[in-house]
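Asker: Below is the structure I would like to discuss, written out as structure tokens.
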Amino acid sequence: MIILHVFFPKLVLIFFTAFGIMIGATLMGSLAALLMKEPPVATMLSLAKEIKIWAIVAAIGGSFSTFEILESGIFQGDLKAMVKQFFFILSSFSGTHLGYFVVVNLTGGKN
């Protein structure tokens, strides 16, 4: 049985961690671009594209533990663990994509 009072808060935490990584990284990158007298908006857009996969991985706590849990689900038949990891990955992807969407729309860039 999946313990829901632990599962849903972790989903929300993962979502907002991924979202925060995207927003924070692009904002700090644009600040660095300003200090180096480069265009901050272009820097934000390129960082948003480049950091998506890293935000997903960082938000779920690293890729190795996720792959170990998925492996145990496949080879040991632990379907609950696989479903939980799927939702954690989906939550991380959703937060990252929302952060990317916010950055793109705030900068007037194109998807």
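Asker: Determine whether the stretch 81-101 contains at least one residue that is in contact with a Lys or Arg (Cβ under 8 Å, 6 or more places away or on another chain) and among the β-branched types (Val, Ile, Thr).
Answerer: Looking through the stretch 81-101, at least one residue is in contact with a Lys or Arg (Cβ under 8 Å, 6 or more places away or on another chain) and among the β-branched types (Val, Ile, Thr).
Asker: If you don't mind, there's one more thing I want to ask. Check Phe16 against each of (1) in contact with a Ser or Thr (Cβ under 9 Å, 6 or more places away or on another chain); (2) at pLDDT 90 or above; (3) under 15 Å from Ser91 (Cα atoms) and name the one condition it does not meet.
Answerer: If we test Phe16 against (1) in contact with a Ser or Thr (Cβ under 9 Å, 6 or more places away or on another chain); (2) at pLDDT 90 or above; (3) under 15 Å from Ser91 (Cα atoms), just (1) comes out false.
Asker: In the stretch 58-73, what count of residues is obtained for those that are modelled with pLDDT under 75 and either in contact with an Asp or Glu (Cβ under 6 Å, 6 or more places away or on another chain) or of a type in the set (A, V, I, L, M) (or both)?
Answerer: 3
Asker: So for the stretch 34-57 (the condition being modelled with pLDDT of 85 or more, over 19 Å from Val102 (Cα atoms) and aromatic (Phe, Trp, Tyr)), does at least one residue qualify?
Answerer: No, the stretch 34-57 contains no residue that is modelled with pLDDT of 85 or more, over 19 Å from Val102 (Cα atoms) and aromatic (Phe, Trp, Tyr).
The values are calculated or read from the model by the stated rules, or taken from the named source; none is laboratory data. This is a predicted model, so every value here is computed, not measured. So basically every Cβ, Gly included, is an ideal-geometry build from the backbone, and we count neighbours across all protein chains shown.
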